[in-house]
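A.B. asks: Structure below; questions to follow.
The values are calculated or read from the model by the stated rules, or taken from the named source; none is laboratory data. All of these numbers come straight from a predicted model, not from anything done at the bench. In this analysis, Cβ positions are derived from the backbone assuming ideal geometry, glycine residues included, and neighbour counts consider all displayed protein chains.
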Amino acid sequence: MRRETSLLTLKHLVIDLDGVLYVGQEVIPGAARFIAFLRMQNLGFVLATNNSTRTPRQYVDKLTLMGIDVRPGEVLTSAQATAGYLVTVAPRGSRVFVVGMDGLRAALQDAGFCLVEEDADFVVAGMDFTICFERLAAATLQIRAGARFIGTNPDRTFPSEQGIIPGCGSLLAFLETATGVSPTIIGKPQTAMLEQALRLMEAAPAHTAMIGDRLETDILAGRRAGLSTLLMMSGVTDPGMLATSEIQPDLVFRDLGELCEVWEATLGG
């Protein structure tokens, strides 16, 4: 199927953040132009990220500094998805020990859970750039004492300005090794976040695409949810990984800048 044909069928997009719109504090070329293009074409979108470290408002502030215009209601994080999952399996006020940052803590508190340091019903672990051994040890003790183990996402690595660094999945692996307990994963490649994004946009899977930089989370989640999948080579996936992976996207682009150029040319033609 030609690029032009597939792009013209799309009405909504679910877009990853890290490695797609930016890497660390550096905006990826063409990202701001692409978001402006979507607004001009009245194409709906939700920014759906496995990164649980920030609140939607904090993501908006970060993107604003990069010249990218989005609103809090257009941002969906794995922290929000995790809090939404817990609401379905635990009563309000349940005790939660958190390994994570502002985004995860705020989402759990907003959902009515009590954040504690001991006697937890759940250990919820997300990415934490300030993590220390003592915090991981405390989480290990809580899980071994019977707390249910929840992970926001399985991303083993994370794209930074310095290169590829450990991601949330690396922290989960530490805790799983120390406890012998596998976490329940909520974020991509599970489909809960994408299904929530579709509801927010009132979108049909057949006319929606998942845009991401990671085969085993973004692209796999998109395929599982019945979405078209567009891989950006601006994040963690390199040509060798793409060539050998069983998970293949529908379309591949260098970055959002190239995607925007192709899409504009398609409409102009």
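A.B. asks: In the range 163-205, which residues are touching a strand residue (DSSP E or B) at 6+ places or on another chain (Cβ under 7 Å), outside any helix (DSSP H, G or I) and over 29 Å from M233 (Cβ atoms)?
C.D. replies: The answer is V181, P183, T184.
A.B. asks: Give the residues of the range 68-113 that are assigned to a helix (DSSP H, G or I), surrounded by fewer than 17 Cβ atoms within 10 Å (Cβ to Cβ) and in contact (Cβ under 8 Å) with a residue 24 or more places away in the chain, sorted by residue number.
C.D. replies: Within the range 68-113, G73, G84, V87, D102, D110 meet the criteria.
A.B. asks: Only one residue in L172, L259 is touching a residue at least 40 places away in the same chain (Cβ under 8 Å), of a type outside the set (D, E) and in the same structural domain as K11 (by TED's automatic domain parsing). Which one?
C.D. replies: Criteria check complete, one pass: L259.
A.B. asks: Of all residues in the range 239-269, how many are assigned to a loop (DSSP other than H, G, I, E, B), surrounded by fewer than 16 Cβ atoms within 10 Å (Cβ to Cβ) and modelled with pLDDT of 95 or more?
C.D. replies: Final tally of qualifying residues: 4.
A.B. asks: Against the definition (closer than 15 Å to N51 by Cα and either modelled with pLDDT of 95 or more or aromatic (F, W, Y) (or both)), how does G100 come out, yes or no?
C.D. replies: Judged against the criteria, G100 is a match.
A.B. asks: I need a count of the residues in the range 209-238 that are in a strand (DSSP E or B) and either over 21 Å from I186 (Cα atoms) or in contact (Cβ under 8 Å) with a residue 24 or more places away in the chain (or both).
C.D. replies: Qualifying residue count, the range 209-238: 8.
A.B. asks: So, one more: Which of the residues that make up the range 33-67 are more than 24 Å from M127 (Cα to Cα) and not in a helix (DSSP H, G or I)?
C.D. replies: Listed by number, the residues that qualify are Q41, N42, L43, G44, F45, G67.
A.B. asks: Could I ask something else about it? With the requirement that a residue be of a type in the set (D, E, K, R) and without any contact (Cβ under 8 Å) to a residue 60 or more places away in the chain, what does the range 27-67 give you?
C.D. replies: Correct list: R39, R54, R57, D61, K62.
A.B. asks: Is one or more of the residues making up the range 147-162 part of a helix (DSSP H, G or I), free of Cβ contacts under 8 Å to residues at least 24 places away in the same chain and farther than 19 Å from A90 by Cβ?
C.D. replies: Within the range 147-162, none of the residues are part of a helix (DSSP H, G or I), free of Cβ contacts under 8 Å to residues at least 24 places away in the same chain and farther than 19 Å from A90 by Cβ.
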